[in-house]
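What follows draws every value from the coordinates through simple rules; no lab data is involved. Because the structure is predicted, anything quoted here is derived from the model rather than measured. FYI the Cβ positions are ideal-geometry reconstructions off the backbone, even for glycines, and counts take in every protein chain you see.
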Amino acid sequence: MTDFLMPMWEGGGTVPPQLGVARRLIARGHRVHVLGDPTLEARAREVGCGFTPWREAPHRTTMRAEDDLFRDWEKKSPIASLKNVRDVFMLAPAAGYAADTQRAIEATGPDVLIPDAMLLGALIAGEASGLPMAPLLPSIWMFPAPGAPAIGPGFLPARGPLGRLRDRAMLGLATRLFDGGLPRLNAIRAEHGLSPLAHLFDQVLQSDRVLVLTSPSFDFSSAFVPDHVRYVGPVLDDPQWVEPWSSPFDEHDDRPLVLVGFSSTFQDQVPLLRRVVEALAALPVRAVLTLGEMLDPTDVRGTDNVHVCRSAPHSQLLPEAALVVTHCGHGTSIKALAAGLPAVCIPMGRDQNDNAARIVHLGAGVRLAPSASARKIRAAVRRVLAEPRFRAAAARVATTLADEATRLDPVRELEALVDGHAARRELRA
C-alpha cells in the first residue's frame, strides 16, 4: 500500500480524470489524499480520498462564474491569454500552493506526490520534500517541446521548411514569454532552499515522471516529449455531478442524434450555444445540449428537436449519437473519438484550439471559429453527417484507443515509480 498526495484545483474538465486516477489507485489498495479547492471535497470523499482544502492558495468555494479565479474568457488575444496563464494561474498563487502543500506533506506523510502539472508551487514543495513526484497532465502535452507545434493557436503539424521555421520561431517566443516569470518562480524556490532554474517549465520537467492522461496517437506532440514523460491513456469517467438521464425523444425516432457539449466551466459561451441551437433547429436531427454546472437552463432555450439540460451522462449518450458538436475540451473530444464519433469543433480557448487541431489532423471532424454564424454551424453539421469519411476516421481512432487501453495504465506507471524509488533507496543503504 502506498500513500499518494494529490494537489489539484477546480479546473472543470481536469477534475474527472484526476479523481479517476485516484479511484483506480484506491481500487488497487492504495490511499489517496486530495489537497484542493473546497468545491472538490464532496467529490474527493465520494471516490474514497481524504481531503484538505487550500488555505493560503487561492481557491473556489462556489461554482458561480463571478468566483472564477482565472477569468480567461476576458482575454482577447493569444498572447494575453498565455500571459494570463503565466501570471494569474501559474505564478501569483505559487507561494500559497507551495506553503499549503508543504503543510499537507507534513500532516499526511505521503510516499508519493501526484500534483496537477500546472501547480508550480505544489511541485516546489514536493521537490523540497525529496518525495518521488509524478505530475499529472489531464490533457495533451502543454509545454514547449522542440519539434512540436506551439500550444495555443491550434497549429497542425509542420509541413516543409516553412512549417518547421514556424515551430522554431513559436518555440522561442513561448519560451521567452513564460521565462518572463522565472525571477518570481526562483524567488519562491529560494524560500524553500532550492537552487534557481534556467527555464520556467523545468519545474515540471525535472520531476521523476510526468504522466499525460491522453492517447499518444491522439496527441501528435507525443513524438517530441522527453523520455520520462509517459502517455498513460485517457481516463473517461463522467463528472460526478452528472444527473440521471431519461431521453425526451420517442424511442422510435430514428433521426440522427447530435450531442452538444461546451464545457463544465464558464467561458461566456451562451451566445454561441444559442447559435448552435438555431443551427440544429432547422435540421432533421435530434439533439441533446448539456450546459454543465455553470449555466442555468434558462440561459439557452431548446426547441422541439433540441433538448437543453444541465447534464446528462455522455457515456450513455455517445453510443447512440451520430455526431458531437463541441468546444473541444479534452474530455469531450477524447470520449467522442473513443465512441467512434466525428465532431464539429468550435474551440473557445485554453487547450481547445489544439484539441480541435488533433481531431482535424486525424480526419475526424471540421473546425469553426467561435464567431461562426448559425448558418455556418448548420452547414458544418450537414457536411460531417453526410460525408462517411469523417465517421470512418473516427472509427479508426476508436480502434486505436481501445487497443491502447489494454496497454496504458496510470496506476501501473505510478506503481513502477514507487518500486523504482524503493529499489534505489535500498541500493544507497
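A few points about this structure:
- Summing +1 for each Lys or Arg and -1 for each Asp or Glu among the other residues whose beta-carbon sits under 12 angstrom from that of residue 37 gives -3.
- Relative contact order computed over segment 190-334 (Cα-Cα under 8 Å; 6+ residues apart), in percent: 24
- Estimated translational D of segment 62-181 in µm²/s (Stokes, Kirkwood radius over Cα pairs; 25 °C; 0.890 mPa s): 149
- Compactness relative to 2.2 N^0.38 Å, alpha carbon Rg of segment 238-369: 0.96
- Calculated over segment 57-131: convex hull of Cα atoms, volume per residue (Å³): 95
- Average Cα contact separation per residue, segment 111-220, under 8 Å, 6 or more apart, as relative contact order %: 35
- When both segment 379-429 and segment 23-38 are represented by their alpha-carbon centers, they are found 21 Å apart.
- Gyration tensor over alpha-carbon atoms, the chain, equivalent ellipsoid semi-axes in Å: 36, 24, 21
- Computed per residue of the chain from DSSP H runs no shorter than four, each worth -39500 (n - 2.57), the mean residue ellipticity at 222 nm is -12000 deg cm²/dmol.
- Convex hull per residue volume in Å³, alpha carbons only, for segment 351-429: 122
- Residue with peak Gaussian network fluctuation, the chain [Cα springs, cutoff 10 Å], from 134, 158, 95: 158
- Distance between the modelled labels on residue 103 and residue 168, one decimal in nanometres: 4.9 nm (7 Å Cα→Cβ projection).
- Distance from the alpha carbon centroid of segment 149-205 to that of segment 89-118 works out to 22 angstrom.
- Computed FRET value (nearest 0.05) for residue 309 with residue 69, which takes r as the C-beta separation and R₀ as 25 Å: 0.35
- Annotation: extensible slack from residue 227 through residue 375 equals 48.7 nm (criterion: 0.36 nm per residue apart, minus Cα-Cα distance).
- Contour minus Cα-Cα distance for residue 251 and residue 42 (0.36 nm per residue): 71.7 nm
- Electrostatic tally near residue 195: other residues with Cβ closer than 13 Å to its Cβ, Lys and Arg +1, Asp and Glu -1, net -2.
- The mean sequence distance of close C-alpha pairs (under 8 Å, at least 6 residues apart), as a share of the length of the chain, puts its relative contact order at 14 percent.
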